[in-house]
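Here the structure is laid out as structure tokens; the discussion comes afterwards.
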Amino acid sequence: MQRCGVALDSGSLSHDLTRLRSLDGVKWRKHGDDVLAAWVADMDLEPAPVVLDAIQAVIDRGDFGYNHVARDQLGEVFAERQHAKHGWSIDAGDVRLFCDVLHGIETMLWLMTKPGDGVVVLPPIYPPFRNSIMGTAGREIIECPLDRDGWRLNADTLESVITPRTKMLLMCNPHNPTGRVFSSEELTAVAEVCERHDLLVVSDEVWADLLHPGSVHLPFQPFAPTRTVTMSSASKSFSLAGLRCAVAHVAHDGVRAKLDELPTHVLGAVNTLGAEATLAGWLHGDPWLAATKKHLTAQRDHLASRLASEAPGVVWQVPEATYLAWLDVSAYDLGAEPSETLLTEGKVALSTGLTYGPGGESFVRMNVATSRPILDAVIDRTLGVLNRYAR
């Protein structure tokens, strides 16, 4: 199978860009060929060979009929992986399949809340969370901002925003966009608040495999054993978002009952290629993932070094997980929409902080999951604009 993306050891900016701009993904298609893309959370790196080989094997067999073999293994393999990676013991029988993480989240919103109910989010937060709540007619977004000093969960803040109509906490652990890996103390305190107020917790843990050295992911469900739905996928760790395959561990009896009441096909089904790719990544992709994580940590550290020496006005907390950098550029006079100024004047596309909730106005999100030549070019263009607008 022809490889795509950029290799970990690539060293040519023009070569990397030629390969990336030959792809159809939105990351490099949205803007013109004069723009460097570091916005949407896709990796530019070549996919894991074991994943490509698994997909190619299905194609070579012409195996496009009703095929449940890989799909039916996902629950057990997910459970085994969680125990091996994170010490989390779960019953594979409580795992349900969805076409992607947001599919599962929106299903929980639809089944377990009603118009007028409140759903807590932890801004700055992944914009589709907010869009999902607003798109589920009549639900109210309740903001519970993370503490700006360290992006910590604050149980007292959570307690203060809950109303009698609050039904759900929707969280991202590890956190997107800040890259925080929440501590046992934080999760314990939040779980106690959720217990007192009988909140369903939907925890998106899709970034759990992309930890930097020294970080330990703690699944939320053991802190709230009977009120948690945990969403996960290989989409981030193995860059498989377009293959539409996700899992949910449902530790809430009411949610399981609601799901089991649905008509057989109302939620659709995971497709064969998505299931095969996910299974291959989880079973055989860890050597590739280890090399990729080492590269991502080096990219993070390179960005940190360059910002410290060349743009000390940029304020950020070096992430403990993910390949994202949440950058406060308020020291620069970039106007009401910093990412737009960077795009227009620097020809570099970063995610706008405006859509991440209150307080995100002065931020941009940078994706470092690319080659070193591209990352340096992204940094160069970003700093070129920042230096022109230093206050």
For this session: State the number of residues belonging to the range 308-339 that are more than 24 Å from the chain's Cα centre (by Cα) and touching a residue at least 12 places away in the same chain (Cβ under 8 Å).
Result: 9
Seminar exercise, completed: Residues in the range 277-293 that are under 14 Å from residue 7 (Cβ atoms) and either β-branched (Val, Ile, Thr) or without any contact (Cβ under 8 Å) to a residue 12 or more places away in the chain (or both) total 1
Exercise. Residue 94 versus (1) of a type in the set (Asp, Glu); (2) more than 22 Å from residue 293 (Cα to Cα); (3) modelled with pLDDT under 95: which is the lone unmet condition?
Worked result: (3)
Exercise. Restricting the range 135-184 to residues that are touching a helix residue (DSSP H, G or I) at 6+ places or on another chain (Cβ under 9 Å) and hydroxyl-bearing (Ser, Thr, Tyr), which is farthest from residue 223 (Cα to Cα)?
Worked result: 136
For this session: Just name the residue that is nearest to residue 327 (Cα to Cα) out of those in the range 74-133 that are among the basic types (Lys, Arg) and in contact with a Leu (Cβ under 9 Å, 6 or more places away or on another chain).
Result: 81
For this session: Check whether at least one residue in the range 3-11 is at pLDDT 95 or above and surrounded by fewer than 20 Cβ atoms within 10 Å (Cβ to Cβ), and report yes or no.
Result: no
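A quick yes/no check of all residues on (1) in the same structural domain as residue 132 (by TED's automatic domain parsing); (2) touching a helix residue (DSSP H, G or I) at 6+ places or on another chain (Cβ under 6 Å):
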{"site": "7", "(1), (2)": "no, no"}
{"site": "21", "(1), (2)": "no, yes"}
{"site": "32", "(1), (2)": "no, no"}
{"site": "79", "(1), (2)": "yes, yes"}
{"site": "82", "(1), (2)": "yes, no"}
{"site": "95", "(1), (2)": "yes, yes"}
{"site": "99", "(1), (2)": "yes, no"}
{"site": "107", "(1), (2)": "yes, no"}
Exercise. What about residue 202, is it in contact with an Asp or Glu (Cβ under 6 Å, 6 or more places away or on another chain) and either surrounded by fewer than 22 Cβ atoms within 10 Å (Cβ to Cβ) or of a type outside the set (D, E, K, R) (or both)?
Worked result: no
Exercise. Is it the case that the range 40-49 has a residue that's surrounded by 15 or more Cβ atoms within 10 Å (Cβ to Cβ), free of Cβ contacts under 8 Å to residues at least 40 places away in the same chain and under 19 Å from the mean Cα position of the chain (by Cα)?
Worked result: no
Seminar exercise, completed: Reported set for the range 130-157 where residues are buried (at least 20 other Cβ atoms within 10 Å of the Cβ), without any contact (Cβ under 8 Å) to a residue 60 or more places away in the chain and under 22 Å from the mean Cα position of the chain (by Cα) is 132, 133, 142, 144, 146, 153
Exercise. Looking at the range 51-74, is at least one residue within 26 Å of residue 350 (Cβ to Cβ), touching a strand residue (DSSP E or B) at 6+ places or on another chain (Cβ under 8 Å) and either modelled with pLDDT of 95 or more or not in a loop (DSSP other than H, G, I, E, B) (or both)?
Worked result: no
Problem set entry | Selected residue [surrounded by 21 or more Cβ atoms within 10 Å (Cβ to Cβ) and of a type in the set (A, V, I, L, M)] from 262, 289, 243, 283 | 243
Exercise. Mind checking whether some residue in the range 162-183 is among the hydroxyl-bearing types (Ser, Thr, Tyr), over 19 Å from residue 229 (Cβ atoms) and in a helix (DSSP H, G or I)?
Worked result: no
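The values are calculated or read from the model by the stated rules, or taken from the named source; none is laboratory data. This one's a predicted model, so the numbers in the text were calculated from it and none came from an experiment. No Cβ is skipped: glycine too gets one built from the backbone with ideal geometry, and neighbour counts run over all protein chains shown.
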